[in-house]
Amino acid sequence: MGRSITIGTAPDSWGVWFADDELQTPASRFLDEVVEAGYEWIELGPYGYLPTDPAELSDALAARELKVSAGTIFAALHRPDHYAEAWAQVEQVAKLTQAMGGTHLVVIPGQWRSDKTGEQIEPRDLDDESWARLAEGMNRLGRDVKNGYGLQVAVHSHADTHIDTQDQVERFLGMTDADPVKLCLDTGHVSYSGGDNLALIENFPDRIAYVHLKQVDPAIVAKVKEQDLPFGEAVKLGAMVEPPQGIPAMPPILEALEGLGRDIFAIVEQDLYPVAFDKPLPIATRTRTYLNSCR
């Protein structure tokens, strides 16, 4: 890579949220269609969706000339005594990511709503003690992942978590160390929560380590917020849309990312769970064509 943005895609754009689910496109078909859509870089997606044996996965990727940018874990480090549970995921996902030549570990915070039922299972807002525990835990995780696996942690702000709104993202960045803890800027989630992507890039340029490119339909999001619906319901309603049909506008974001003057992965990640198997490929192809036209 030169000093530039590298566009990739993820299993999420094929409607993949779980390691094993009959509603999801089979892994071999996903990999074949990624190539057909014109991408060279992917994320691992949920651990267990793609083969977890390094040799088997390497063969599957090499046969298609595909490369891995990152793996993903979930870590609710605001909760007491959660670090061991988070690290158990790291030992699986970071090891596989490292073996595939990936460079980043995307960390999604714990949700205050159940991802299965949509019920509220925790307070929506953290108290100061929980914020301090979250920041300390992420600093530790970032250092341990870098020292143990050579990967950069990039924390992914996400709907229905405590790192969601603009204020929460800025507070989190202000409380964490700049070297071990970077931000995965998910343009869709930031817009979903009423935030400002360009302001985050401008005000925290050194913290933007990784990007998920997606757009939301503002009319559907307004309905979701009005009715206080869970994120899973929002996705089913079509809150996430292919560019350029939604917000935020992609050209200014791509320009701002280019202006950072360093290599950045920008992974297309359009939530589509659940989706008919024949729907993702045309969307993925159009999206890649569109994003390349913006640069």
Test: GLY101 is open to solvent by 10 Å² or more (accessible area, probe 1.4 Å) and in contact with a strand residue (DSSP E or B) (Cβ under 7 Å, 6 or more places away or on another chain): yes
Near pairs, Cβ below 8 angstrom, 6+ apart or cross-chain, from the stretch 183-208 (in contact (Cβ under 8 Å) with a residue 24 or more places away in the chain and crowded, with 19+ Cβ neighbours inside 10 Å) to any residue that is assigned to a helix (DSSP H, G or I) and hydroxyl-bearing (Ser, Thr, Tyr): ASN197/THR187; ASN197/SER191
Selected residue [out of contact with any Lys or Arg (no Cβ under 8 Å at 6 or more places or on another chain) and of a type outside the set (Val, Ile, Thr)] from ARG207, ARG171: ARG171
Index of the failed condition, THR117 passing every other in (1) hydroxyl-bearing (Ser, Thr, Tyr); (2) open to solvent by 70 Å² or more (accessible area, probe 1.4 Å); (3) within 25 Å of ILE5 (Cα to Cα): (3)
Residue selected from the stretch 274-295 under the condition in contact (Cβ under 8 Å) with a residue 12 or more places away in the chain and farther than 18 Å from GLN245 by Cα, by the criterion surrounded by the most Cβ atoms within 10 Å (Cβ to Cβ): VAL275
Qualifying positions in the stretch 115-137 - in contact (Cβ under 8 Å) with a residue 60 or more places away in the chain and either part of a loop (DSSP other than H, G, I, E, B) or farther than 16 Å from ALA86 by Cα (or both): ASP115, GLY118
Residues of the stretch 189-216 satisfying the condition of being farther than 21 Å from SER4 by Cα and part of a helix (DSSP H, G or I): HIS189, VAL190, SER191, TYR192
Criterion: closer than 24 Å to GLU129 by Cα and open to solvent by 10 Å² or more (accessible area, probe 1.4 Å) - qualifying residue of ARG79, ARG64: ARG79
Index of the failed condition, ALA178 passing every other in (1) exposed (fewer than 15 other Cβ atoms within 10 Å of the Cβ); (2) within 29 Å of ILE42 (Cβ to Cβ); (3) touching a strand residue (DSSP E or B) at 6+ places or on another chain (Cβ under 9 Å): (3)
Residue satisfying condition, being surrounded by 21 or more Cβ atoms within 10 Å (Cβ to Cβ) and of a type in the set (D, E, K, R), within set ASP263, ASP271: ASP271
Which listed residue, of LYS182, LYS146, is part of a strand (DSSP E or B), of a type in the set (D, E, K, R) and under 25 Å from ALA266 (Cβ atoms): LYS182
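The values are calculated or read from the model by the stated rules, or taken from the named source; none is laboratory data. Small disclaimer: the values here were computed from a predicted structure and weren't measured. Here the Cβ is made from the backbone with ideal geometry for all residues, glycine too, and neighbour counts use every protein chain on show. The protein model used for the area step is the full one, side chains on, heavy atoms only, and it has no ligands, DNA or RNA in it. Shrake-Rupley method; radii C 1.70, N 1.55, O 1.52, S 1.80 Å.
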